[in-house]
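The values are calculated or read from the model by the stated rules, or taken from the named source; none is laboratory data. Nothing here was measured: the structure is a model prediction, and the numbers come from that model. Note that each Cβ is placed from the backbone with ideal geometry, even for glycine, and that neighbours are counted across all protein chains shown. Quick note on the areas: whole protein, heavy atoms, side chains included, nothing else; ligands and nucleic acids left out. Shrake-Rupley method; radii C 1.70, N 1.55, O 1.52, S 1.80 Å.
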Amino acid sequence: MTRPGKIVCIGRNYVEHARELGNDVPAEPLIFLKPPSSVIRDGEWIERPPQSSQVEHEGEIGVLIGKPLRRVSEQEAVAGIAGIVAVNDVTARDLQRRDSQWTRAKGFDTFCPIGNVHTGPVDFDALEVVTTVNGEVRQRATGADMVFRIPMLLSYVSHIMTLEPGDLVATGTPSGIGPLRAGDSVTVSITGISRVTNPVRDRS
Ligand code: ZN
């Protein structure tokens, strides 16, 4: 997989996660962008920047786009999926709280680890995302737990911006977010399909 053209992320798409941050579930999908320059691969370092003292993991189910999707139905959106990938939407939580726009908190270099691409057919509701830190499970949920499901999300985004081949949609994180510290190893996996493991260090 080459670097995504754009990374569209969904916020507060699991009820328990919205609550743990003191938020309501939105009435329609909440979207934001991460820059392609934040992408790293399996085994590469997540670097905690000096601007933040609260860097956290967000394990997510990622959808890689295979065909141009412009104002498409849910059915057409599903036909345009190239594959499913594990994504870690690493977030500087203290900066996210300080800013009304999340570009800074979500956009640091190394803040978007992406796993291998699974290209076979999948049951979206059965997809299970699990996040472990140093082998301990921190987050676990399935596609069925989402507020807005994958076909709806892709159709919704496609009515705002054209999704292009190579773009990535990260579909939101379940409850259980928590800190990443120097020396940690964090893994996001889509059970049986994709995984990405990254060590954590402070940027010097
Ligand atoms: Zn996220």
Under 11 Å from the residue 159 label point (7 Å along Cα→beta-carbon), backbone N, the stretch 22-66
29
Measure off 7 Å from each Cα along the Cα-to-Cβ vector at residue 152 and residue 20, then give the distance between these two points in nanometres to one decimal.
2.2
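Kindly give Rg over Rh for the stretch 7-202, based on alpha-carbon atoms, with the Kirkwood expression for the hydrodynamic radius. Walk me through the numbers on the way to the answer.
On the way: Rg = 15.3 Å, Rh = 16.4 Å.
We get a ratio of 0.94 for the stretch 7-202.
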Carbon-plus-sulfur fraction of the accessible area of the chain, 1.4 Å probe, in percent?
47
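In Å³ and rounded to a whole number, note down the convex hull volume per residue for the Cα atoms of the stretch 145-204.
Values: hull volume 9.4 nm³, N = 60.
With only Cα atoms used, the stretch 145-204 gives 157 Å³ per residue.
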Set Lys and Arg Cβ to +1 and Asp and Glu Cβ to -1, take the dipole of the stretch 62-204 about its Cα centre, and tell me which of 88, 182, 137 lies farthest positive.
182
Be a star and scan the stretch 25-64 for residues whose amide nitrogen sits under 17 Å from the point 7 Å along the Cα-to-Cβ vector of residue 137.
59-61
Could you work out the relative contact order of the stretch 1-87, using alpha carbon pairs under 8 angstrom and six or more residues apart, expressed as a whole percent?
23
Interchain or sequence-distant (5+) residues whose placed amide H lies within less than 5 Å of the amide H of residue 33 are 9
How high is the FRET efficiency from residue 126 to residue 73, r the C-beta distance, R0 30 Å, rounded to 0.05?
0.85
Would you mind calculating the relative contact order of the chain from Cα pairs under 8 angstrom and at least 6 residues apart, reporting the percent as a whole number?
34
Work out the length of the dipole vector of the chain about its Cα centre, built from +1 on the beta-carbon of each Lys and Arg and -1 on the beta-carbon of each Asp and Glu, and round it to the nearest 20 debye.
480
